Amino acid sequence: MAAPKVAVVGAGVVGLSTAMCIVETYPSCSVTILSDQFSPNTTSDVAAGMLIPHTHPGTPIHVQKQWFKDTFAYLFAISNSAEASEAGIHLVSGWQVFKNTPKEELPFWSDVVLGFRPMSKAELQKFPQHRFGQAFTTLKCDCPPYLLWLEKRLKATGVQMYTRKVADLWDLHSEYNVVVNCAGIGAHQLVGDEKLFPVRGQVLRVHAPWVKNFIRDGDGLTYIYPGIHRVTLGGTRTEGSWSLSPDPGTTKDIFDRCCSLEPSLRGAEDVQVKVGLRPSRQCVRLQRELLSQGGVKLPVVHNYGHGSGGFSMHRGTAKEAARLVGECIAALEGSSSRAKL
Amino acid sequence: MRVAVIGAGVIGLSTALCIHEQYHSLVPSLEMEVYADRYTPYTTSDGAAGLWQPYLSDHGNLQETVWNKETFDYLLRHLGSPAAKEMGLFLISGYNLFTQPVPDPSWKNIVLGFRNLTPEELELFPGYSYGWFNTALMLECRSYLPWLTKRLTQRRVKFFQKKVESFQEMFARGVDVVINCTGVRAGELQPDSELQPGRGQIIKVVAPWVKHFIITHDVESGVYNSPYVIPGSGLTVLGGIYQHGNWNEEISTQDHKTIWENCCRLLPALQKAKIVEEWSGLRPARPRVRLERETIHHGHLQAEVIHNYGHGGFGITIHWGCAMAAARLFGSILQEKKQASPPQSRLNCVLTANVLSISRTPEGQSKGNESVCLYFSRYRS
C-alpha cells in the first residue's frame, strides 16, 4: 500500500499522541487529525496533567504499569531537554496525604515516579487532619502548551489537522484506509458506547506562584497542582453528569477544601473556573474493530476511555494504538496482495 | 532607653523587631531608631534568592547550627499564617548535587524529608553522582524586609537614611545601646580583619516551570562557586559566584557568562528563559558570626554595642536565631543597668535630670523618670 491514509479522530492528549506514535513508527503513513475541538477547548486542556495514575479496575495492573512507565520515560526525557518549557513539561514534588491509612501502602506506580517514600512525622505536621502520607516527585504536562507542542511537531512531519465533527466513523471510509478513534467522551455518541460515562470535574486555576509543591488528598477529590503559570485546584468527581457549566457553590467548596490543605491559597488571585468530563470506563478501550458495509471494510482502532488517567497513560496507550494501526495496515496489504492474485 | 540599630538588611530589621517585641512592654521608655545608608531593595539581603540553607559544614560551630534551627522552626510556624504571603515565605523542595559522596550536613534533621537521591533522579543531572533531596523554605527579602519595616513602623520605630560614621556619633546623640548590624561594611565602624566580602553575582530570569531549587557543589571551587538555580515566587535566580576579598559591586560580564553557561548546562530548558535582571553583591563573610556585646567607653561614659554581623551567605538562614541571641544580650544589658541603679527617690531623679539637661543635646532629652534614672546610673558607673 503506497501511503496508507490514517485518520485520527480527536485532538486531545490521546489523539495527538496517538498520531505522533503512528508517524514515528510508520513514517510512510499519511496521518490526518479530525476533531470538533482543538486546544485550548479539549477535555485535556482542563486537566492539570499530573502524572499520578488512576487505577482502572478492568485492565491488568502490569499493563497499566507499562503504559505509565512508557509515558513517564517519554516525558522525563523531554523535561530534561531544551524543549521542556515549550512542551510544558516539568518536574514537581509534593505529597499525597490520607486521613485514613490506605489499604495498599505502595501503589503500583510507586517505583516509576521519583523518590517515593512515606512522609516523615515532621512533614505530616503540616497536615493536622491527615495521618499518613507519601512524598514523591513526578511530572506535570501543562496544557495548552503540551498539546500545542505536539501539534507543532505533528505539523512539521506533514500531518494535516481539520476542524470537523465526525458524526459516524463510517463517513470516513472513502477517504481513509484506517481510522483511529480517540474521541474521548465523544465516543459515547460517536460509537454509541454505553460503557463510557462522564465523570465531571470542576477545577479552579489561580495565580499563586509561591506554591511550588503539589498536595493531593488520597481520596482524589482535593488537590493542588502547581503549573507553569497557574495552580490548578480541584476538584469534583461527579459520575454521570454531562454539565460543562461551572457551579459557583462547587467553586467555593473546592477553594475551601484546598485552603484547608494549603492556607496560603487564601491569597491566591484571579480565579478561573473550568469544567471537563473525564471519559471514564472500566478499562481503556484499546482494540481493533473492523467495520464493514456492503463488502467495503474499514479497520478502526479504538483508543478511548482513559478516565482520570489520560495524561498518566497517554504515551503508553498511543504506542499500543500505533501498533494496532500497523496490524491493520499489514492486514490491508495482505488482503490487497491476495486481491492481486 | 535609646537603642539605635545600624543596618537595615535582614539582620538589622529582624534584630530590631525581636528586641522591640520582647522588651517594649518591660521598658516603656524604649525608643528605637534604625540608621542605614541603604534600605530595601538596595541592601545585600535583597539580592539573595532567599533560600534557607546553611553551608555544608558548620566547621564545628554548633552555636550557628542552633541559630539556623531556631530560624527554620520560627519560619515553619509562620507558614500557615495569613502573614506568610506578605512575608514572602513559602515551602520549596529541591536538590543538592555532588560529584562524589559527602557526609550528611548538620541541617539534615532541621529541613523536611531529607534523603539521598536515587539513581533515577541523578539521571536528571549528568556529571553529578551523588546528592540530596529535601524540602526547605524560601524567605524572599524583597517581601520580608518591607514586612519587617511595616511591623517596626507600627511599633513607632523611626528610620533614618544616614551613613553612620562611628559608634561615638551615636553615643553623642544620647544613644544607650547600639546594635551593629552593618554587614560587610562593619569594618568601617570598627576594623575587623576577619570580615571579608564574598562577592556574588546573579542573573534573574523568567522560568516559571522550574519548581525546585538545584544547588551544585564542587569541593574544589568552594561554596557558591558552583552553579545554582533557585526559583522565587516571581523570577528564578541563577548564580554560582563567590569571590573572597573582591569588593567590586559592578556586574562582571565574565561572571555573567560563567553563570549562564553553567546553569544552562545544568537545566537545558533555561536556554529559552528570558533574562530580566542582574545583580552583584557582597556577602559579609567571616569564619564565624560576630554576635557579642562590647562596652565602649567615651569620656566618662560607657555605652554598649551589640555586634551582629558576618553572616556570609547564610544571613536569611540564621537571622532569627541571631536576633534572639542579640535580644538576650540586650536583656543582660538591661539587667545590669537595673542592678546598677536601685530605685531612686523622685526628688533625686528630678535634680539629676536638671544636671543632665544642661549637658545634653536636644536629641538626647530624657522623657520620664525611669529613663532619667538609667542615665543617672550610667554616670555613676
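The values are calculated or read from the model by the stated rules, or taken from the named source; none is laboratory data. This structure is a prediction, so every number in the text was calculated from the model and none was measured. Note that we place each Cβ from the backbone using ideal geometry, even for glycine, and neighbour counts take in every protein chain shown. Note: areas computed on protein heavy atoms with side chains; ligands, DNA, RNA excluded. Shrake-Rupley method; radii C 1.70, N 1.55, O 1.52, S 1.80 Å.
Just a few scattered comments:
- Computed FRET value (nearest 0.05) for B:Trp247 with B:Lys274, which takes r as the C-beta separation and R₀ as 45 Å: 0.90
- Among B:Gly222, B:Gly60, B:Gly47: highest mean-square fluctuation, GNM of chain B, C-alpha pairs under 10 Å: B:Gly60
- Using R0 = 60 Å, the C-beta based FRET efficiency linking B:Lys158 and A:Gln160 works out to 0.25.
- Restriction of the chymotrypsin sites (Phe, Trp or Tyr not before Pro) in the range B:242-333 to DSSP coil positions whose beta-carbon has at most 16 other beta-carbons within 10 angstrom yields B:Trp247.
- Accessible area of A:Val13 in the full protein assembly, 1.4 Å probe (Å², nearest 10): 10 Å²
- Within a straight-line Cα-Cα reach of under 16 Å, A:Lys99 can be paired with the following lysines, leaving aside sequence neighbours fewer than 8 residues apart in one chain: A:Lys121, A:Lys126.
- Principal-axis tilt of helix A:248-261 within chain A, Cα atoms, nearest 10 degrees: 60 degrees
- Shape of chain B, Cα gyration tensor, a/c cut at 1.5: prolate
- Axis of helix A:61-79 versus longest Cα principal axis of chain A: the two differ by about 80°, to the nearest ten degrees.
- DSSP bridge orientation in the protein assembly as shown - percent antiparallel, rounded to nearest 5: 70 percent
- Solvent-accessible area buried by A and B, counting both chains, probe 1.4 angstrom, square angstrom: 2700 Å²
- DSSP bridge analysis restricted to chain B gives an antiparallel fraction near 70%, rounded to the nearest 5.
- The accessible area of A:Lys319, taken with all protein chains in place and a 1.4 Å probe, comes to roughly 100 Å².
- Gaussian network model of chain B, Cα within-10 Å springs - most flexible of B:Leu329, B:Leu122, B:Leu145: B:Leu122
- Of the GluC sites (Glu not before Pro) in the range B:209-287, those whose Cβ has at most 12 other Cβ within 10 Å and which sit in DSSP loop: B:Glu220, B:Glu250
- Exposed-loop-free span, longest in chain A, where GluC sites (Glu not before Pro) count as exposed if DSSP calls them loop and at most 11 other C-beta atoms lie within 10 Å: A:195-341
- Summarising the amide proton neighbourhood of B:Ile296: residues at separation of 5 or more, or on other chains, whose placed amide H is nearer than 5 Å comprise B:Ala303, B:Glu304, B:Val305.
- For chain A, built as a Gaussian network whose Cα springs stay under 10 Å, the top-fluctuating residue of A:Lys212, A:Lys165, A:Lys121: A:Lys121
- Where only DSSP H runs of four or more residues are counted, the protein assembly as shown gives -10000 deg cm²/dmol as its mean residue ellipticity at 222 nm, each run worth -39500 (n - 2.57).
- For the range B:219-246 versus the range B:269-337, the gap between their alpha-carbon centres in whole angstrom: 21 Å
- Shielding by other protein chains, A:121-131, mean Cβ within 10 Å: 2
- Rough spin-label spacing in nm, given labels placed 7 Å along Cα→Cβ, for B:Ser129 and B:Thr258: 2.5 nm
- Other-chain or far-sequence residues with amide H under 5 Å of B:Gly232's (modelled H): B:Val237
- Rg/Rg_ref, the range A:176-216, where Rg_ref = 2.2 N^0.38 Å and atoms are Cα: 1.96
- The alpha carbon gyration tensor of the range A:72-146 gives principal lengths a ≥ b ≥ c with a/c of 1.5 or higher and a/b greater than b/c, which makes the shape prolate.
- Label-to-label distance for A:Leu221 and B:His78 is 3.5 nm, based on points extended 7 Å past Cα in the beta-carbon direction.
- Value of Rg/Rh across the range A:5-335 [Cα atoms, Kirkwood radius]: 0.98
- Residues whose amide H falls under 5 Å from that of A:Arg200, counting only those 5 or more places apart or on a different chain, are A:Thr238, A:Glu239, A:Gly240, A:Ser241, A:Arg278, with hydrogens built in the peptide plane.
- Take the Cβ atoms of B:Lys338 and B:Leu62, set R0 to 30 Å, and the FRET efficiency comes out at 0.45.
- Each residue, A:Lys103 and A:Glu24, gets one label point 7 Å from its Cα in the Cβ direction; the gap between the two is 3.5 nm.
- Three-way shape label, the range A:1-105, alpha-carbon gyration tensor, a/c 1.5: prolate
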